Amino acid sequence: MVDDARATIALLARRAGWGVATGELDAALALGVDATVDRLVDPDGNGIAPAPDPWAGLDLTPPRPGPNASADAKKQAGQTERQQSDAAINAWLDHLTSTPRPLEDWMVWFWHGHFVSGLDKVKTPLLMVQQLRTFRALAFAPFAQLVKAATIDPAMLLYLDGESSTGRHPNENYGRELLELFTLGIGNYTEDDVQAGARALTGWAIDRKTGRSKFLPAGHDDNPSRYLGVDGVHDVDGVVAAVTQHPACAPFVSGKLARAILGPDVDAGLLRDLASGFAASGLDVRALMRSILEAAVQGRSVPMVVAPVPWLVAAQRATRGTIDPRARLARLRAAGQVPMMPPNVAGWPGGAAWFGASTVVARFGMASSIAASTPAGSALLVSASSPDP
């Protein structure tokens with residue numbers, strides 16, 4: 001039935017994208033549900049032009065006042081970084097309201113909340129933007145490739161202290177979070193694994209001239225260790241291979257992605273099936289996402305609470321309403337979710353956390369601003385203003 005197809009496509013747009021703009025739902029309905037899923041999962045194969053770089057044209061050159069700079073110069077550098085941060089975040093939010101590749105950009109948002117880094121510690125907006133560009137390039141990449149890229153990413157090296165981790169003094173922060181939050185989950189590793197991983201990942205630093213990561217053999221502990229039951233692990237490739245081949249990896253990652261789209265209380269049997277398929281595919285993220293969307297089409301999603309950023313972007317996309325960039329960031333901050341500024345390495349909370357008083361008040365404020373700025377000819381506004389038949 002047309003109504004069923006329309007509801008299904010609308011669900012896909014909300015859960016695996018950023019909502020629908022005027023006319024998009026009718027266009028997708030004309031293509032059909034199966035074609036809509038295929039366009040979401042494989043935009044290249046469907047001839048959809050690459051999405052533009054949200055940060056193209058922004059000057060994100062890091063201010064470098066130098067060690068002997070005056071207090072005023074250092075203060076100015078701090079102000080410049082804050083301005084760059086605001087500009088980079090707003091550019092990303094603007095991009096999401098019009099992206100032609102909604103699932104691809106949804107994946108960037110998901111990986112940003114999974115392989116967490118934040119401006120509170122990274123400081124340099126350019127490094128955060130570089131990380132997000134990496135997530136865009138690898139949005140549907142095999143998971144092992146994504147894990148390696150995240151592990152040696154400059155923003156991550158700063159955020160979880162990888163840059164200061166040396167063979168003589170290995171830092172366990174990233175090695176622990178890699179296992180606990182990024183790949184396996186609690187209960188699937190030991191303290192010995194954390195320590196062995198930390199040693200194997202030493203030697204990575206950031207080239208301050210280029211802002212890229214580099215490997216320094218003199219700072220690396222190259223002694224082989226037993227890691228997650230694998231002997232001889234001594235470098236980043238060995239660590240990535242061990243974690244992605246561990247039997248807990250496929251269920252952990254596929255479960256997190258499935259719950260992000262299908263809802264927090266999705267059927268346990270479905271999660272097992274998705275994990276099995278993900279493992280059999282060699283951790284093919286694109287294949288996993290297709291399976292998750294097909295489950296949504298089959299009616300296997302459950303209710304979920306939408307976080308502030310996806311909610312705001314969907315509202316702007318639907319109405320073409322706008323919010324002053326400074327006010328938008330202030331209200332998102334009040335709502336508890338600002339891109340590039342997660343509260344901690346675990347990322348943003350979900351579910352009932354978004355029902356707090358300040359969050360709800362902030363959403364009302366954003367809704368009021370969007371309603372007031374929606375163009376008078378908007379189909380959505382006309383429909384809302386029409387009397388019931």
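The values are calculated or read from the model by the stated rules, or taken from the named source; none is laboratory data. These numbers were taken from a predicted model, which means no experiment stands behind them. In this analysis, Cβ positions are derived from the backbone assuming ideal geometry, glycine residues included, and neighbour counts consider all displayed protein chains. Just the protein is used for accessible areas: all its heavy atoms, side chains included, with ligands, DNA and RNA removed. Shrake-Rupley method; radii C 1.70, N 1.55, O 1.52, S 1.80 Å.
Run down VAL240, VAL253, VAL194 and say which single residue is more than 19 Å from PHE135 (Cα to Cα), outside any loop (DSSP other than H, G, I, E, B), modelled with pLDDT of 95 or more and open to solvent by less than 60 Å² (accessible area, probe 1.4 Å).
Working: VAL240 fails: more than 19 Å from PHE135 (Cα to Cα); VAL253 fails: more than 19 Å from PHE135 (Cα to Cα).
Being more than 19 Å from PHE135 (Cα to Cα), outside any loop (DSSP other than H, G, I, E, B), modelled with pLDDT of 95 or more and open to solvent by less than 60 Å² (accessible area, probe 1.4 Å) holds for just one of VAL240, VAL253, VAL194, which is VAL194.
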Next item on the list: Could you grab me the full set of residues in segment 18-49 that are touching a residue at least 40 places away in the same chain (Cβ under 8 Å) and touching an Asp or Glu at 6+ places or on another chain (Cβ under 8 Å)?
Entry: TRP18, VAL37, PRO43
Next item on the list: Scan segment 62-73 and give yes if some residue there is touching an Asp or Glu at 6+ places or on another chain (Cβ under 8 Å) and open to solvent by less than 10 Å² (accessible area, probe 1.4 Å), otherwise no.
Entry: no
Checklist line | Sole residue being touching a Pro at 6+ places or on another chain (Cβ under 6 Å), open to solvent by 50 Å² or more (accessible area, probe 1.4 Å) and not acidic (Asp, Glu), chosen from ARG199, ARG208, ARG212, ARG176 | finding: ARG199
Next item on the list: Among the residues of segment 274-290, write down those that are within 17 Å of VAL147 (Cβ to Cβ) and basic (Lys, Arg).
Entry: ARG286
Checklist line | Residue list for segment 92-105, filter: in a helix (DSSP H, G or I) and open to solvent by 20 Å² or more (accessible area, probe 1.4 Å) | finding: ASP94, PRO102, GLU104
Next item on the list: Have a look at SER117, SER85 and point out the one that is in contact (Cβ under 8 Å) with a residue 40 or more places away in the chain, among the hydroxyl-bearing types (Ser, Thr, Tyr) and not in a helix (DSSP H, G or I).
Entry: SER117
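Answer yes or no as to whether ALA241 is of a type outside the set (Val, Ile, Thr), touching a residue at least 60 places away in the same chain (Cβ under 8 Å) and under 30 Å from ASP105 (Cβ atoms). Explain how you work it out, then say what you get.
Numbers: of a type outside the set (Val, Ile, Thr): yes; touching a residue at least 60 places away in the same chain (Cβ under 8 Å): yes; under 30 Å from ASP105 (Cβ atoms): yes.
Spelling it out, ALA241 is indeed of a type outside the set (Val, Ile, Thr), touching a residue at least 60 places away in the same chain (Cβ under 8 Å) and under 30 Å from ASP105 (Cβ atoms).
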Check: Considering only segment 308-327, how many residues are surrounded by fewer than 19 Cβ atoms within 10 Å (Cβ to Cβ) and small (Gly, Ala, Ser)?
Finding: 1
Note to self: Conditions first: (1) buried (at least 17 other Cβ atoms within 10 Å of the Cβ); (2) in contact with a Phe, Trp or Tyr (Cβ under 6 Å, 6 or more places away or on another chain); (3) assigned to a loop (DSSP other than H, G, I, E, B); (4) not aromatic (Phe, Trp, Tyr). VAL305 passes all but one, so which condition is the exception?
What the structure shows: (1)
Note to self: Can you list residue pairs whose Cβ atoms sit under 9 Å apart, with the first residue in segment 249-266 being at positive phi and the second being open to solvent by 10 Å² or more (accessible area, probe 1.4 Å)? Count only pairs 6 or more apart in sequence or on different chains.
What the structure shows: GLY263/ARG15; GLY263/SER301; GLY263/VAL302; GLY263/PRO303; GLY263/MET304
Next item on the list: From ALA334, ALA279, ALA330, grab the single residue that is in contact with a Cys (Cβ under 9 Å, 6 or more places away or on another chain), open to solvent by 40 Å² or more (accessible area, probe 1.4 Å), of a type in the set (Gly, Ala, Ser) and more than 28 Å from ARG6 (Cβ to Cβ).
Entry: ALA279
